[in-house]
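The values are calculated or read from the model by the stated rules, or taken from the named source; none is laboratory data. What you see is a predicted model; the values in this text were computed from it and never measured. Quick reminder, even Gly has a Cβ in these numbers, built from the backbone with ideal geometry, and neighbours come from all protein chains shown.
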C-alpha cells in the first residue's frame with residue numbers, strides 16, 4: 001500500500017487477463033471474427049502503458065520544461081496518426097494537413113486557457129498536471145475529429161447531387177455545404193455532451209474516481225472533473241469546428257465547383 005493507495009500486485013494484475021480470456025471465449029462462441037484484433041489491442045495497450053509508466057516516472061522526476069512539451073508534442077503526433085488510420089475514406093493531402101492543423105490548434109488553444117486560467121498551475125509546465133490532463137484533451141479531440149471527418153467526407157459523397165443542385169441555383173459553396181458541416185459538427189461533439197449528461201449520476205468519470213481512490217477529497221475531485229470536462233468540450237468543439245469549416249473548402253475548386261476525389 002503506497003500513500004493510501006492499494007497497490008496492485010504483479011500476479012493480481014495477471015489475473016485481470018482472465019477477463020480478456022472470457023471476452024475471447026464469447027467472441028469465439030458467437031463466431032465474431034475479432035479475436036486477433038482484440039489480442040493485438042490488449043498486447044499493444046499493455047506494452048505501451050508499461051513503457052509510458054517508466055518514461056513518466058523519469059519526466060515527473062526531472063521537472064524539465066522541454067521534456068513536458070516534448071511529451072505533449074509526441075501525443076499530438078500519435079493522435080493525428082491514429083486519426084489517419086481510423087478514417088477509412090480516402091483523404092487528399094490538403095485534407096490531411098487540415099486534420100493535423102485542426103488537432104494542433106484546437107487542443108493547444110484549450111490547453112493554454114485551461115492551465116493558465118482554470119488551474120493556474122505553477123510552474124505552468126508541471127508534468128504532473130500537463131501530461132495527464134493534456135492527454136485527456138488530445139484523446140477526446142482525436143475521437144471528435146475522427147467522427148467529424150468521417151461524417152464530413154461521407155456527407156459530401158452521399159449528397160453530391162444536392163450540393164451541385166444548390167450550386168447551380170446560385171448558392172455559394174459555404175451555403176451549399178452548410179447542412180453537411182452542421183451535421184458533422186453535431187455528430188462529433190454529441191458523445192461528449194451525452195457523457196456530461198450522465199456524469200455523476202449514471203457513472204463516476206475516470207479522473208474523479210482515480211483522485212478519490214488516491215485519497216483526494218471528493219469535493220476537490222469534483223471540481224477537477226468539472227474543469228476538465230469544460231476543457232474537453234471546448235477542445236473537441238474547437239478542433240472539429242476548424243476541421244469541418246476548412247475541410248469543407250477542399251471539396252470546391254477556385255470556380256466554386258464541387259470536386260470529389262474518390
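Just one of (1) at pLDDT below 90; (2) farther than 25 Å from residue 110 by Cβ; (3) in the same structural domain as residue 118 (by TED's automatic domain parsing) trips up residue 156, so point out which. The single condition residue 156 does not satisfy is (1).
Applying a threshold of 7 Å to beta carbon distances and a minimum spacing of six or more residues, or different chains, the list of pairs starting in region 8-34 at a residue that is without any contact (Cβ under 8 Å) to a residue 24 or more places away in the chain and ending at one that is part of a loop (DSSP other than H, G, I, E, B) reads 27/34. For region 8-60, filtered to residues that are in a loop (DSSP other than H, G, I, E, B) and surrounded by 10 or more Cβ atoms within 10 Å (Cβ to Cβ), the residue that is modelled with the lowest pLDDT is 8. Checking each residue in region 143-155 for being touching a residue at least 40 places away in the same chain (Cβ under 8 Å) and surrounded by fewer than 23 Cβ atoms within 10 Å (Cβ to Cβ) picks out 143, 146, 147, 150, 154. Quick check: is even one residue across region 208-216 in the same structural domain as residue 112 (by TED's automatic domain parsing), under 19 Å from residue 110 (Cβ atoms) and surrounded by 13 or more Cβ atoms within 10 Å (Cβ to Cβ)? No, every residue in region 208-216 fails to be in the same structural domain as residue 112 (by TED's automatic domain parsing), under 19 Å from residue 110 (Cβ atoms) and surrounded by 13 or more Cβ atoms within 10 Å (Cβ to Cβ). A single entry from 77, 72, 99, 117 fulfils the requirement of being assigned to a helix (DSSP H, G or I), over 23 Å from residue 189 (Cβ atoms), assigned by TED's automatic domain parsing to the domain that holds residue 186 and at pLDDT 90 or above: 77. Looking across region 180-190, just one residue is touching a helix residue (DSSP H, G or I) at 6+ places or on another chain (Cβ under 7 Å) and either under 16 Å from residue 231 (Cβ atoms) or surrounded by fewer than 16 Cβ atoms within 10 Å (Cβ to Cβ) (or both), and that is 189. Among the residues making up region 80-93, those that are surrounded by fewer than 13 Cβ atoms within 10 Å (Cβ to Cβ) and either touching a residue at least 40 places away in the same chain (Cβ under 8 Å) or not in a helix (DSSP H, G or I) (or both) are 88, 90.
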